[in-house]
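Structure, as C-alpha cells:
Every number here is computed from the coordinates shown, using simple stated rules; none is lab data. Note that the coordinates shown come from a computational prediction; the quantities given were computed from them, not determined experimentally. Every residue, glycine as well, gets a Cβ built from its backbone with ideal geometry; the counts of neighbours run over all protein chains shown.
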Amino acid sequence: MKAANGNPKGVALIIGDNNVRGSLQFLQHPNGTTHVTGRITGLSPGFHGFHIHAFGDTTNGCNSTGPHFNPLKKDHGAPSDDERHAGDLGNIVAGPDGVAEISIRDTQIPLTGVHSIIGRAVVVHADPDDLGKGGHELSKSTGNAGARIACETYTDTNYKSIPNGHTRSVSTERSYTENKNKNKTEQSYS
Ligand SMILES: [Cu+2]
Ligand SMILES: [Zn+2]
C-alpha cells in the first residue's frame, strides 16, 4: 500500500502478555530507510530486545513467528553491525512507567522488494538483547533476549482500514513528537 505521498507504509499492533500493548507505524523513505515509530506500554522498566521475526504467524503465540528475519544468513548482532540479522533492531527502553517510545531508522527492513518485512512479525522480548556480544550460547542467534512477551504481524495496510482507536495516523509524527521527551528510544542506523 502506498501513502498519498508515495512512500510505502504500514502498521503493527502489539498485544502481549501482562497487558503489554502498543502500536507501531512503519514508513519507508525514498532512500530505502524505514522509520519505525510508536509506543509500547505495560513493559517492565529497562531494555527489551526488539526484532522482526521471520514469520507472520501467531497461531501458537509469539513462538510461531520463527527466528529473527535473516535473509542474508548472518549472525545476530547490533543494528549498527555489518554482521546482523536484517530483523535485528536492538533494544527498546521502557521507563519506570513501563512505557517505551520508539523511533528507529533502519535500512534493512524495507517494506518493498525481496527482503520486505511485510507479513512478518514484530517481537518484544522480556530481557535485553546483548547484541551478539554477551558471550552466551544464544548471543549469536537471538541476543539471549529471553521470552517473547509480545508480538504482532506487521501488516501492509492503509491506516483507514484499521479500526478507530487502535492506531494513530501517519501524521502521527506530530503526536509522537509531543511525547518524545519521555523514555524515548532514538536510534539511527545506516
Ligand atoms: Cu526476537
Ligand atoms: Zn537476530
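Using the Cβ-Cβ distance between Asn63 and Thr41 with R0 = 25 Å, the FRET efficiency computed as 1/(1 + (r/R0)^6) comes to roughly 0.65. Once divided by 2.2 N^0.38 Å, the Cα radius of gyration of the range 9-159 becomes 0.94. Label-to-label distance for Asp75 and Arg21 is 4.1 nm, based on points extended 7 Å past Cα in the beta-carbon direction. Applying a threshold of 19 Å to the alpha-carbon distances of Lys74/Lys133; Lys9/Lys73; Lys9/Lys74 flags Lys9/Lys73; Lys9/Lys74 as lying beyond it. Extending 7 Å from Cα along the Cβ direction at Asp82 and again at Glu137 yields two label points whose distance is 3.0 nm.
Charged neighbours of Asp57, selected by a Cβ distance under 13 Å, balance to +1 (K, R count +1; D, E count -1).
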